[in-house]
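A.B. asks: Next up is a structure, given as structure tokens.
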Amino acid sequence: SNSEESKDQLDLLANYYKEVANGPMADYRRIIQGGNKQGQNYFVHVLDGINILHKLRMASVVEMNDLEEQLLFTAYTIHDINKIPPYGGRDVALSYINIATHENIKMELERIDLRRFFPEWEQYLEDIRRLMLLHQHDSAPLDDLNRRNHTYELHYERLLELGKLMYAIDNLDLSHTLSDNHHKQNFLMTVNAIAERRWRWVTHRLGENRAFLSNLIHNTVVTYLKERHVRDSHSIIADLLYYPDGVAYLLPEREVFTWSEDDNAQVAQRLAQLMANKKAESCLLYTSPSPRDRQKS
């Protein structure tokens with residue numbers, strides 16, 4: 001059933017956070033990226049990508065099974081192994097292909113305890129390495145010309161598709177503004193080459209920045225749109241990118257997307273309700289202790 005299926009899918013992401021992100025992988029916070037990802041740490045970069053992968057599956061943008069999602073999560077976690085000490089980093093002059101070796105991949109996946117999330121990863125080592133090499137794009141399967149040297153568990157064509165998806169997600173992280181089109185369009189081309197139906201970007205943008213209220217508004221609009229765009233009892237709008245001024249979503253090309261005064265009113269009503277609840281909560285939090293409790297303390 002659909003609800004059971006989405007529960008499983010949800011569990012994979014929750015499980016990843018619980019078993020991997022909370023473990024030794026937290027070291028990745030110390031790896032500060034250069035270039036276009038200037039200043040962002042690698043830990044955040046990995047989690048951004050994994051969240052997007054998961055949302056693509058949840059909204060059925062890209063059909064994938066649990067094994068494929070586990071493989072993608074695993075490969076994406078260490079896709080920049082050339083930035084991870086001791087294998088790579090500023091002082092290592094090797095090329096990516098010489099850093100992403102079976103030995104290094106194995107050592108790092110063992111170090112971050114990936115087995116707790118994906119117990120069988122070792123039998124998929126070739127697949128994981130291939131996905132990592134594919135995310136580089138430019139080093140696409142050169143060492144693969146003699147495919148007899150490799151034993152992949154997944155179909156080779158499927159690995160190529162998933163590798164392209166990793167490459168696209170990695171680069172989507174360079175879309176720093178809601179209005180940026182270049183990175184979003186490149187990502188969309190890849191998705192539409194893999195997806196079973198065509199998708200497009202839609203966005204909501206705030207008329208003005210409302211400081212701390214902005215987040216509340218964004219989340220309210222996201223929830224509202226997800227409830228409005230439902231097919232076969234699951235939401236088919238994917239809230240992929242959050243910015244200070246708005247959110248960018250993927251929606252099927254044929255799905256009508258409108259926004260009216262009525263929608264404004266409905267969102268305003270939900271916000272008012274949320275604010276009222278928050279106010280009530282803060283009243284509860286600030287009740288002063290009763291005289292009897294005061295004597296005790």
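A.B. asks: Is it the case that region 183-205 has a residue that's surrounded by 13 or more Cβ atoms within 10 Å (Cβ to Cβ), at pLDDT 90 or above and in contact with a Ser or Thr (Cβ under 6 Å, 6 or more places away or on another chain)?
C.D. replies: yes
A.B. asks: Checking the structure you have, find out if any residue of region 222-234 is more than 20 Å from residue 62 (Cβ to Cβ), assigned to a helix (DSSP H, G or I), touching a helix residue (DSSP H, G or I) at 6+ places or on another chain (Cβ under 6 Å) and modelled with pLDDT of 95 or more.
C.D. replies: Scanning region 222-234, I find at least one residue that is more than 20 Å from residue 62 (Cβ to Cβ), assigned to a helix (DSSP H, G or I), touching a helix residue (DSSP H, G or I) at 6+ places or on another chain (Cβ under 6 Å) and modelled with pLDDT of 95 or more, so the answer is yes.
A.B. asks: Shifting gears a bit: Has region 27-34 got at least one residue that is at pLDDT below 95, among the basic types (Lys, Arg), surrounded by 14 or more Cβ atoms within 10 Å (Cβ to Cβ) and in a helix (DSSP H, G or I)?
C.D. replies: no
A.B. asks: Give me the helices (runs of 4 or more DSSP H) completely within region 38-143, filtered to those with at least 2 residues that are open to solvent by 30 Å² or more (accessible area, probe 1.4 Å), ordered by residue number.
C.D. replies: So the answer is 42-58, 66-77, 96-99, 102-111.
A.B. asks: Among the residues of region 206-215, write down those that are of a type outside the set (Gly, Ala, Ser), open to solvent by 40 Å² or more (accessible area, probe 1.4 Å) and more than 21 Å from the chain's Cα centre (by Cα).
C.D. replies: Passing the criteria: 208, 209, 210, 212, 213.
A.B. asks: While we're looking at this one, here's another question. Taking the conditions exactly as written (among the small types (Gly, Ala, Ser), under 22 Å from the mean Cα position of the chain (by Cα), open to solvent by 20 Å² or more (accessible area, probe 1.4 Å) and at pLDDT 90 or above), does residue 168 satisfy them or not?
C.D. replies: no
A.B. asks: Could you grab me the full set of residues in region 167-194 that are touching a His at 6+ places or on another chain (Cβ under 7 Å) and within 23 Å of residue 247 (Cβ to Cβ)?
C.D. replies: 170, 171, 172, 173, 174, 175
A.B. asks: Would you point out which residue out of 218, 229 is open to solvent by less than 50 Å² (accessible area, probe 1.4 Å), out of contact with any Lys or Arg (no Cβ under 9 Å at 6 or more places or on another chain), without any contact (Cβ under 8 Å) to a residue 40 or more places away in the chain and under 30 Å from residue 158 (Cα atoms)?
C.D. replies: Every option except 229 fails the conditions.
The values are calculated or read from the model by the stated rules, or taken from the named source; none is laboratory data. None of the values given here were measured: they were computed from a predicted structure. So basically every Cβ, Gly included, is an ideal-geometry build from the backbone, and we count neighbours across all protein chains shown. Calculation scope for accessible area: heavy atoms of the full protein, side chains included, ligands and nucleic acids excluded. Shrake-Rupley method; radii C 1.70, N 1.55, O 1.52, S 1.80 Å.
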